[in-house]
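Here is the structure we will look at, set down as C-alpha cells.
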Amino acid sequence: MKKLLPCAFAQFTVAQYVAATLLTAFLFVMILPVGVHAEAEGTTLRKGGRVQVSGTGGVGLRVRSGPALTFARQVVLAEGQVVNVLSGPIRNDGYDWYKITGYDSLGSSGWSAGRWLLPTSRKSIAPPTVSSPTSRSGFRTITLPVLMYHNVGYGWNRYAVTMPAFREQLDWLRDSGYTTVTLAQVYDYMYDGGKLPSKPVVLTFDDGWASQWNAVLELNERGMMGVFFVMGGGIGLSDVQLRRMAGWGHEIGAHSLTHPDLTQLSDGQLYNEVAGSKKTLESRLGVPIHFFAYPYGSYNGRVIDAVAAAGYRGGIAAWGGGYWTPDQRWTEPRIEISGFASLQEFAYLLRSATE
Ligand SMILES: [Zn+2]
C-alpha cells in the first residue's frame, strides 16, 4: 500500500495494477465530499499570517512532516497555540494542508490540516527567524511552481494525465506568461547569482515512463523544457531517447537505480542506489546528472547525507508547495499534478504556489 501512495512506479502484475487503479479511483470518490465540505468552510489561510489551533475537541493538532496523512507525526499542538503559516494550501487526503512554524524554539516547521487553524490577530511571541547563514552568504530563496508529472498520454489516473489535458495545461502556462526553466537554472539563481525569467515554472516527470516521450514532443513544439527523473536501472525511455532529450535542452535527473524506499536500505544499498544511479546515467548518456528526486518522496537524514555525498547539487522532494529556500537544498518541494486535475484546479495550484 505504501508504494501506491507517493509514486506510481512499482513492479506490479497487471492484476495488481488494475486493483491499485480501482482503489485509487475509489479513494478519490470517498474523499470528495470531505474536500467539498472543507471548501464550504471557506477559509484560505494567508501565507505569513498568524493562526490559532482551534476546534480539535481537546485532542490537539497533529503536525506532520509532509502534506498528507501518510507523513510521520512530528508533534501535537494544544488548543489555543498560535503559529505562523509558511505556505499552502496543498489538497491531500481531503484536507487543505498548510506548512506552519513558530511552535517551538528551534524554528521547526511541519504540515497541518487547515480546518483546525483559525486566523487570529492575537499577538504572540514572534517565531524565531531562521538566523540564516544563507542570506549572509548571499543565497536566495524563490517562490516558483515545480510541477510533478508521471505518465503522459497513457491511461488516466492520479499518475497519468491525458494528452488533451496535458496540452491544455502547457497552453495555459504559455498563455499565462510562464517560462519553463531547468533545475540547473533555479539553482544557479539561488546559489550563484544567476538570472531567471519573470514567471518561471519547472515541469518535472518521474520514473522515465515511455509515455513521457509524448510529453517531450509537446514540449519541443512549444519551445518548453522539462526535467526527467529516471531510474539508472532503466524502465521506459531508452538511452537513445534520453540522449536526444538532453541534446534538445531537457534536463535529466536521477531517481535511484531500482526505485526502493531509500529510508529502508542498508548503507551499502543506499550508496549504490544514490551514487550508482548518478554514475551509470552519466556514463551512458554523456551528460552530468546534478539533481536527485527521492522515490516515493521518501527520505531521512541518512538519505539526504548520501545524496549530498554523491556529488549532486540538490535533492527534490515530492510535495510541499512552491517555496524554495537554501535550507531545503536537499528536499526542495514540488506540486503534484494529478491526472484528475481539471484546468481550473491546475490554474489554482499554479497561482497558490506563488501568491
Ligand atoms: Zn518515482
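Listed values, structure above:
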quantity	calculated
Radius 13 Å from Cβ of Gly236, net charge of other residues (Lys, Arg +1; Asp, Glu -1)	-3
By average C-beta atoms within 10 angstrom, highest first, the peptides 216-223, 229-236	229-236, 216-223
Cα-centre dipole for region 185-260 with unit charges at Cβ (Lys and Arg positive, Asp and Glu negative), debye to 20	160
Most to least packed among 278-285, 169-176 [average Cβ atoms within 10 Å]	278-285, 169-176
Net charge, Gln344 excluded, C-beta distance under 12 Å - Lys, Arg +1, Asp, Glu -1	-1
Inter-centroid distance (Cα atoms) of region 312-353 relative to region 227-257, Å	21
Kirkwood estimate for region 133-354, i.e. one over the average of 1/r between Cα atoms, Å	17.4
Ordering of 239-247, 316-324, 182-190, 345-353 by packing [mean C-beta count within 10 Å, highest first]	316-324, 182-190, 345-353, 239-247
Residue-by-residue Karplus 3J(HN,Hα) for region 305-317, coefficients 6.51, -1.76, 1.60, Hz, glycine and proline x	4, 5, 5, 5, 5, 6, x, 6, 7, x, x, 10, 7
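We did not get these values from a lab; they are worked out from the coordinates using the rules stated. As the structure is a computational prediction, the values presented were derived from the model and not from experiment. Reconstructed Cβ throughout: ideal geometry from the backbone, glycine too, with neighbour counts over all protein chains shown.
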